[in-house]
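Working notes, beginning with the structure itself.
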Amino acid sequence: MGYKRIITISEDATASAERSDAEWQNLRTAVGQAVLSLCAVEPIDVTELDRITRSERFQKAAEANRQKALSDIGSHHGAVRLVGREHSNWQRLYLFAGGILKPLYDATDKDLELAEQLIRSERSERAKRRASDSDTGG
């Protein structure tokens, strides 16, 4: 199934009224490199997955990848950003439901009910963990 990452790409870094073919090719390359710098991990032989993912080298690379939240496109610093990392004061609520990421205002009533159920469940689990931590002195 593999990992999935949600990213944003700044329109400022990609928008232009006119571009030559060479400029479009350079932009495609720059965007691809920026996305891969945030999302790519080394190709893995699935038959070796368990051994590889337990290796110290893989764990260090995975941690470094998790820590990186943004990448540049040309001179546009932070033009590609991973969603879910602290890197901006911009706020909007989105819901990932039915395999679709949508702004909350586009969510159906059924989607909102699901979100409410998930939030209640998460709050309940956190309350249980806090109670357990206080019982164990943690």
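Here are some notes:
- Selection status of Gly74, modelled with pLDDT of 80 or more and at positive phi: yes
- When the range 95-109 is limited to residues that are at pLDDT 80 or above and not in a strand (DSSP E or B), the one that is farthest from Thr8 (Cα to Cα) turns out to be Asp109.
- Arg92 falls short of the stated requirement of being surrounded by 12 or more Cβ atoms within 10 Å (Cβ to Cβ), of a type in the set (Lys, Arg), modelled with pLDDT under 80 and not in a helix (DSSP H, G or I).
- Extreme residue, modelled with the highest pLDDT, among residues of the range 1-15 that are in a loop (DSSP other than H, G, I, E, B) and surrounded by 10 or more Cβ atoms within 10 Å (Cβ to Cβ): Ser10
The values are calculated or read from the model by the stated rules, or taken from the named source; none is laboratory data. From a predicted model like this one, the values you see are computed outputs, not experimental measurements. No Cβ is skipped: glycine too gets one built from the backbone with ideal geometry, and neighbour counts run over all protein chains shown.
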